[in-house]
Amino acid sequence: DTEVTQTPKHLVMGMTNKKSLKCEQHMGHRAMYWYKQKAKKPPELMFVYSYEKLSINESVPSRFSPECPNSSLLNLHLHALQPEDSALYLCASSQFSTGGEQTQYFGPGTRLLVL
Amino acid sequence: KQEVTQIPAALSVPEGENLVLNCSFTDSAIYNLQWFRQDPGKGLTSLLLIQSSQREQTSGRLNASLDKSSGRSTLYIAASQPGDSATYLCAVRSTPGGGYNKLIFGAGTRLAVHP
């Protein structure tokens, strides 16, 4: 099973709302990632978790708050977002976060619209 | 700083044509290079992964080559079909400062195969 699942598929929220995106994988991977992808642009890395600890934050605003409750789950908590945060949010996982022979497996994404 | 460029940005071909998508990168110190397919509004599907020590990988009608020294990769699609219509993304795995691996994406080639 090489599947990464993400919920919800679509999300519409106001700028004062608090919402969460969820990502799950059961491949035993120890590295998980959040990417943001704007329309017709490539994905941009936001966060990297390794062994359930935050390894990398690519200077993401604090209104995005990641959480890794266990090795299979990754959440992205959203609060006080701006309309420009509307995008496709992709989750990915790989066996480890370091080492060359790593394939990242991507989920289908959550399409977020901030009104 | 690693930069990935994909040419052409868009391509429209009749069904049955063989075609080549190009990817170039500025820093040859990569671990691997990965080609992804992305359908509109969807997540990324990994097509082929080429390790830095390899020259090419094949999967069905797809063949990807890597010339690390010149910073180039090509994705060859044989006998194209309408179902191949999608955006094709090239990504290299580099190690910026800090030791962690990072996928750096090109902007993609939007392919349309018409019957």
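The values are calculated or read from the model by the stated rules, or taken from the named source; none is laboratory data. Computed from a predicted structure; not experimentally measured. With ideal geometry, Cβ positions are generated from the backbone for all residues, glycine too; neighbour counts draw on all protein chains shown.
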* Looking only at segment B:42-64, which residues are assigned to a strand (DSSP E or B) and without any contact (Cβ under 8 Å) to a residue 12 or more places away in the chain? -> B:45, B:56, B:57, B:58
* **Sole residue being of a type in the set (Gly, Ala, Ser), under 30 Å from residue B:110 (Cβ atoms) and buried (at least 19 other Cβ atoms within 10 Å of the Cβ), chosen from A:31, A:39** => A:31
* Pairs with Cβ under 7 Å, 6+ apart, first in segment B:73-87 and closer than 12 Å to residue B:14 by Cβ and touching a residue at least 40 places away in the same chain (Cβ under 8 Å), second surrounded by fewer than 17 Cβ atoms within 10 Å (Cβ to Cβ) and of a type in the set (Gly, Ala, Ser) -> B:79/B:16; B:80/B:16
* To do: Starting from residues that are outside any loop (DSSP other than H, G, I, E, B) and among the hydroxyl-bearing types (Ser, Thr, Tyr), keep the ones in segment A:17-54 and report whichever is nearest to residue A:112 (Cα to Cα).
  => A:20
* Asked: If we keep just the residues of segment A:68-104 that are within 18 Å of residue A:22 (Cβ to Cβ) and among the small types (Gly, Ala, Ser), which is modelled with the lowest pLDDT?
  -> A:71
* To do: Would you be able to tell me the number of residues in segment B:65-98 that are facing chain A (nearest Cβ under 10 Å) and part of a strand (DSSP E or B)?
  => 5
* Within segment B:16-50, restricting attention to residues that are away from every other protein chain (no Cβ under 11 Å) and polar (S, T, N, Q), which residue is surrounded by the most Cβ atoms within 10 Å (Cβ to Cβ)? -> B:24
* **Matching residues, segment A:78-110, being outside any loop (DSSP other than H, G, I, E, B) and within 9 Å of another protein chain (Cβ to nearest Cβ)** => A:88, A:90, A:91, A:92, A:94, A:105, A:106
* Could you check residue A:48 against (1) away from chain B (no Cβ under 13 Å); (2) under 21 Å from residue B:91 (Cα atoms); (3) of a type in the set (Val, Ile, Thr) and say which number it fails? => (1)
* Is it true that some residue in segment A:68-77 is within 11 Å of chain B (Cβ to nearest Cβ) and touching a residue at least 40 places away in the same chain (Cβ under 8 Å)? -> no
